[in-house]
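These notes concern the structure reproduced below.
The values are calculated or read from the model by the stated rules, or taken from the named source; none is laboratory data. For clarity, every value in this text was computed on a predicted model and none was experimentally measured. Here the Cβ is made from the backbone with ideal geometry for all residues, glycine too, and neighbour counts use every protein chain on show. Only protein heavy atoms, including side chains, enter the accessible area calculation; ligands, DNA and RNA are left aside. Shrake-Rupley method; radii C 1.70, N 1.55, O 1.52, S 1.80 Å.
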Amino acid sequence: MCTYIQGQNRKQTTLFATCLDDAISPENEVRLIDAFVDSLDIAKMGFRVDHGENGRPAYHPKDLLKLFIYGYLNRIRSSRQLEKETKRNIEVMWLLNSLSPDHNTISNFRRDNGKAIKKVFRETVRIAQYFNLIGGTLIAGDSTKLRAQNSKKNNFNQKKIDRHLEYIEKKLEEYQKDLAENDGDKTEIEKEIQKQNQHKSHYQSLQKELEETGEAQISTADPESRQMIIRNNITEVAYNVQTTVDADYNIPIDYKTTNNNDSKAMGGMLRRAKSILRRNDFTALYDKGYHTGTEFYIADQ
């Protein structure tokens, strides 16, 4: 007869009551998150802490920041999933003292505190430097393309706009010809002419925006995204996230979300690295995609 390890009866009472803190081991990462966030001057970083006394009390920014960092470390990006974790995950319950903010609160916190959260990342780099976890003698840079919430259909450059306008002009000429030759009901033709003129007006406004901004592209759904080469000749409307990593413990020391290809990124990232490391005698490794004379010149300044 086979025997198995038996679990505890759910309805059985315990002689000595246990607290939530006993369920979290001393080495658990949530204790580090808790201590790190509690040490921050979040008002100085830009988090809003002066909420009014009227109405329902707000969640403290430190609690929401702890939840954000926990989600980042455990690859939980969804605000709805983070809300669910606050009700079932014992680590999160400990970290937030059993608070359970809803997904809208979590999402709004992330949306409204982008700049402040970047300063939190800078603080992690400063702490790593303090504990000699960043050597600062050899760094490497690379990028990751992240697809934007914008289809290729909703991305325009001058060539694409010209092609659409040319097509519309041809259709208008055809409809005008049909209108002149048709002796019967012209309602449908007039509707088509009106539709094409609306399309024409739309593309002309995009063309005007290109001229006024000096940009080479316009993305209508995700305005800051741009169409760029992902690999070989494959293109996507995307963002290009540049990252700089220190060689000693492979710790990221900097990142920047851009809408440019790698050929325009190296100089700026190395300038930022000099500022972070507070030295300029380090060696930097980049692949040939960054090989641009102007970028070498900027990096050397």
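Volume per residue for segment 3-93 equals 201 cubic angstrom (convex hull of Cα atoms). In percent, rounded to a whole number, the relative contact order of segment 1-132 is 24, using alpha-carbon pairs under 8 Å and six or more apart. Computed 3J(HN,Hα) for segment 276-281, one whole-Hz value per residue from the Karplus formula 6.51 cos²θ - 1.76 cosθ + 1.60 where θ = phi - 60°, is 6, 7, 6, 7, 10, 9, glycine and proline marked x. About the centre of its Cα atoms, the chain shows a dipole size close to 680 debye [charges on the beta carbon of Lys, Arg (+1) and Asp, Glu (-1) only; nearest 20 debye].
By definition, a body whose alpha carbon gyration tensor gives a ≥ b ≥ c is oblate when a/c is 1.5 or more and a/b is not larger than b/c, and segment 102-147 fits this oblate description.
The mean sequence distance of close C-alpha pairs (under 8 Å, at least 6 residues apart), as a share of the length of the chain, puts its relative contact order at 17 percent. Taking the three principal axes of the alpha carbon atoms in segment 30-158, the coordinate ranges are 51, 46, 31 Å, sorted in descending order. The Asp38 and Thr105 beta-carbon pair, evaluated with R₀ = 22 Å, returns a calculated FRET efficiency of approximately 0.60.
Applying a threshold of 25 Å to the alpha-carbon distances of Lys152/Lys274; Lys66/Lys264; Lys11/Lys62; Lys119/Lys274; Lys159/Lys264 flags Lys152/Lys274; Lys66/Lys264; Lys11/Lys62 as lying beyond it. When the charge dipole of the chain is built from unit charges on Cβ atoms (+1 for Lys and Arg, -1 for Asp and Glu) and taken about the Cα centre, the candidate among Phe36, Ile189, Ile161 whose Cα reaches farthest toward its positive end is Phe36.
Largest mean-square fluctuation among Gly141, Gly289, Gly267, in a Gaussian network model of the chain whose springs join Cα atoms under 10 Å apart, belongs to Gly289. Dipole of the chain computed with +1 at Lys/Arg Cβ and -1 at Asp/Glu Cβ about the Cα centre; of Thr283, Leu67, Ile90, farthest Cα towards the positive end is Ile90. For segment 111-228, the pair-distance distribution built from all alpha carbon pairs, in bins 10 Å wide starting at 0, is 11, 23, 21, 17, 12, 7, 5, 3, 1 percent.
How would you rank 192-204, 99-111, highest first, on the average number of other Cβ atoms within 10 Å across their residues?
Listed from highest to lowest mean packing, they are 99-111, 192-204.
Solvent exposure of Val49, expressed as accessible area, is near 70 Å², computed with a probe of 1.4 Å over the protein chains only.
In a simple Cβ point-charge model (Lys, Arg +1; Asp, Glu -1; nothing else charged), segment 1-124 has a dipole of about 580 debye relative to its Cα centre.
Distances between every pair of Cα atoms in the chain, grouped in 10 Å steps from 0 to the bin holding the largest one, split as 5, 17, 21, 21, 15, 10, 7, 3, 1, 0 percent.
Ranked by solvent-accessible area (1.4 Å probe, protein heavy atoms only, all chains present), the residues Lys119, Lys44, Lys66 order from largest to smallest as Lys44, Lys119, Lys66. Each Lys and Arg contributes +1 and each Asp and Glu -1, all at the Cβ; summed about the Cα centre of segment 189-301, the dipole is approximately 60 debye.
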